[in-house]
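The values are calculated or read from the model by the stated rules, or taken from the named source; none is laboratory data. Keep in mind it's a predicted model, so treat the numbers as computed, not measured. Every residue, glycine among them, receives a Cβ derived from its backbone with ideal geometry; neighbour counts consider all protein chains shown.
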Amino acid sequence: MDSKVVGILGGGQLGRMLVEAANRLNINTVVLEKGELAPAKQINAISEHIDGSFTNLDDIKKLAKKCDVLTVEIEHVNTDALKQVQKETGVEVHPSPETLEIIKDKFAQKEHLLKYNIPIAESVSVESTEPALLSVGEKLGYPFMLKSKTEAYDGRGNFVVKDKSHVKEALEFLNDRPLYAEKWAPFTKELAVMVVRSLDNKVYSYPTVETVQQNNICHIVYAPARVNDTVQEEAQVLARKAVASFTGAGIFGVEMFLLPGNKLLLNEIAPRPHNSGHYTIDACVTSQFEAHIRAITGLPMPKGFTCLSTPDTHAIMLNILGADKPNGEIELCKRALSIPNASVYLYGKSTRPGRKMGHINIVSESMDDCERRLAYIRGESEKTPE
Ligand code: ATP
Ligand code: MG
Ligand code: MG
């Protein structure tokens, strides 16, 4: 299994969990990231990693020299450099640089999805001026969401324009970034589906899950989503259709809004492992990380590999965010470690309030039982689950 070396652009927690999955299959990985102690580098001492940036052509060239396949754990990479390196060296890149180029610009992504008849919230490119925003407000109505087209993550490129009086503040907040406006989606739930695309362009979906964001950051995931079977299926069909419209192999996270009347809108796609797929490590036949490694190296993806481990499997994933007091989040981890059916994953990062430090997967035979365990872990109940 160790014939192909995989290069990963980015060395955060997603890279770390990709390295773990690859390690188990004797597939060697090389990580391109600044600093010698990046989370993904900490757990692979076999390779000499690259200390550099995934936006720098020369650093990407150095990585390509050591690898057969390049992949990403973050979309904000230098896609022109990836195209050039692919052409010059013949290194494989998954997903394709063209896919990454479209997806990393959220507005280009929206235009692409529209072309393929994927339902999205109405989106309009807008200049960073007050008159332009006021005219968009007339068109889309208030509130609307103002978003940065590029470099967006964890809601840091978003601003809710509640009414006319917030336009000025919105412009100050998103100062100088390329912008587009999105019609408000009055969702009842947010759903997500992990989709994996093989080298021979087959597309497989994981179960539909329910995500709860707090301050725009993914906080809790319920798997499977608490929706009826039709919505469960329709969300997977939509996610597969969206991913099928892109090129290149690998795992994709597809975020969706469920509207009143059970209508689905696609919010955005991540061309990489995704926070909403962490539950797969403990609750599915194959984790999203292993699925990605299999997909990009051409390993088999047998029947049912994206299924929940058993028909009764239920899971909750809780993100461990840096607490306000130093290492306060460790309390949460200790409580999780003290009960059955909870697994703690820490990412080897230094703590900062609100930073994603790790996650906890709770797996059981019913969602009620998962919720009881969650309540204990969060200190909302003192009754120790058995
Ligand atoms: P990430 O990549 O970390 O998921 P992001 O910075 O790309 O986040 P979005 O996914 O665009 O941000 O938005 C973050 C959250 O803001 C969404 O999960 C949703 O809760 C809310 N949101 C985004 N767009 C809309 C919209 N059009 N209407 C209502 N809420 C929205
Ligand atoms: Mg995003
Ligand atoms: Mg998002």
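Somewhere in segment 302-309, is a residue surrounded by fewer than 21 Cβ atoms within 10 Å (Cβ to Cβ), in contact (Cβ under 8 Å) with a residue 60 or more places away in the chain, out of contact with any helix residue (DSSP H, G or I) (no Cβ under 8 Å at 6 or more places or on another chain) and over 21 Å from VAL196 (Cβ atoms)?
Checked segment 302-309: no residue is surrounded by fewer than 21 Cβ atoms within 10 Å (Cβ to Cβ), in contact (Cβ under 8 Å) with a residue 60 or more places away in the chain, out of contact with any helix residue (DSSP H, G or I) (no Cβ under 8 Å at 6 or more places or on another chain) and over 21 Å from VAL196 (Cβ atoms).
Which one of these does ARG16 not meet: (1) touching a helix residue (DSSP H, G or I) at 6+ places or on another chain (Cβ under 7 Å); (2) farther than 23 Å from LEU346 by Cα?
That leaves (2) as the condition not met.
Residues of segment 332-346 being surrounded by fewer than 19 Cβ atoms within 10 Å (Cβ to Cβ) and either small (Gly, Ala, Ser) or within 24 Å of ILE43 (Cα to Cα) (or both), which ones?
LYS334, LEU337, SER338, SER343, VAL344, LEU346
So for segment 86-104 (the condition being of a type in the set (S, T, N, Q), over 19 Å from the mean Cα position of the chain (by Cα) and more than 16 Å from ligand 3 (Cβ to nearest atom)), does at least one residue qualify?
Yes.
For residues in segment 143-192 being of a type in the set (Ser, Thr, Tyr) and outside any loop (DSSP other than H, G, I, E, B), which is farthest from ligand 1 (Cβ to nearest atom)?
Filtering first and then ranking leaves SER165.
Does LYS106 count as at pLDDT 95 or above, surrounded by 21 or more Cβ atoms within 10 Å (Cβ to Cβ) and either under 27 Å from ALA244 (Cα atoms) or in contact with a Lys or Arg (Cβ under 6 Å, 6 or more places away or on another chain) (or both)?
yes
Find the helices (runs of 4 or more DSSP H) located wholly in segment 4-89 whose residues include 1 or more that are among the hydroxyl-bearing types (Ser, Thr, Tyr) and closer than 22 Å to ALA249 by Cα, and list them.
Because the criterion is at least 1 residues that are among the hydroxyl-bearing types (Ser, Thr, Tyr) and closer than 22 Å to ALA249 by Cα, the helices (runs of 4 or more DSSP H) in segment 4-89 that meet it are 79-89.
Which of the following residues is among the aliphatic types (A, V, I, L, M), touching a His at 6+ places or on another chain (Cβ under 9 Å) and at pLDDT 95 or above: VAL203, VAL196?
Just a single option satisfies the conditions, and that option is VAL196.
Need the failing condition index for GLU111 against (1) within 23 Å of the chain's Cα centre (by Cα); (2) surrounded by fewer than 20 Cβ atoms within 10 Å (Cβ to Cβ); (3) in contact (Cβ under 8 Å) with a residue 60 or more places away in the chain, just the number.
For GLU111, the failing item is (3).
Regarding segment 219-233, can at least one residue be identified that is farther than 15 Å from MET256 by Cβ, within 20 Å of the chain's Cα centre (by Cα), without any contact (Cβ under 8 Å) to a residue 24 or more places away in the chain and surrounded by fewer than 16 Cβ atoms within 10 Å (Cβ to Cβ)?
Looking for residues that are farther than 15 Å from MET256 by Cβ, within 20 Å of the chain's Cα centre (by Cα), without any contact (Cβ under 8 Å) to a residue 24 or more places away in the chain and surrounded by fewer than 16 Cβ atoms within 10 Å (Cβ to Cβ), one finds none in segment 219-233, hence no.
Give segment 183-210 a look and list any residue that's closer than 14 Å to GLY253 by Cβ and of a type in the set (Lys, Arg), or say none.
Correct list: ARG197 only.
May I ask you to list the residues in segment 110-128 that are hydroxyl-bearing (Ser, Thr, Tyr) and modelled with pLDDT of 95 or more?
TYR116, SER123, SER125, listed by residue number.
Within segment 252-269, track down each residue that is within 11 Å of ligand 2 (Cβ to nearest atom), within 25 Å of LEU199 (Cα to Cα) and of a type outside the set (Gly, Ala, Ser).
Within segment 252-269, GLU255, GLU268, ILE269 qualify.
Looking at segment 357-379, which of the residues that are assigned to a helix (DSSP H, G or I) and touching a Leu at 6+ places or on another chain (Cβ under 8 Å) is surrounded by the most Cβ atoms within 10 Å (Cβ to Cβ)?
ILE377
Being in a strand (DSSP E or B) and either hydrophobic (A, V, I, L, M, F, W, C) or over 20 Å from the mean Cα position of the chain (by Cα) (or both), is that true of even one residue in segment 291-313?
yes
Which residue pairs have Cβ atoms under 6 Å apart, sit 6 or more places apart or on different chains, and have a first residue in segment 252-272 that is near ligand 1 (Cβ under 10 Å from one of its atoms) and a second that is at pLDDT 95 or above and of a type in the set (Ser, Thr, Tyr)?
GLY253/SER276
Scanning segment 193-208 for residues that are under 30 Å from GLU92 (Cβ atoms) and within 16 Å of ligand 1 (Cβ to nearest atom), which turns out surrounded by the most Cβ atoms within 10 Å (Cβ to Cβ)?
MET194
Please pick out the residue among LYS147, LYS189 that is within 15 Å of ligand 2 (Cβ to nearest atom), under 30 Å from ILE320 (Cβ atoms) and in contact with a strand residue (DSSP E or B) (Cβ under 6 Å, 6 or more places away or on another chain).
LYS147
Let me spell it out: the conditions are (1) surrounded by 14 or more Cβ atoms within 10 Å (Cβ to Cβ); (2) under 27 Å from HIS76 (Cβ atoms); (3) in contact with a Lys or Arg (Cβ under 8 Å, 6 or more places away or on another chain); (4) at pLDDT 95 or above, and LYS183 meets all of them except one. Which number is the exception?
That leaves (3) as the condition not met.
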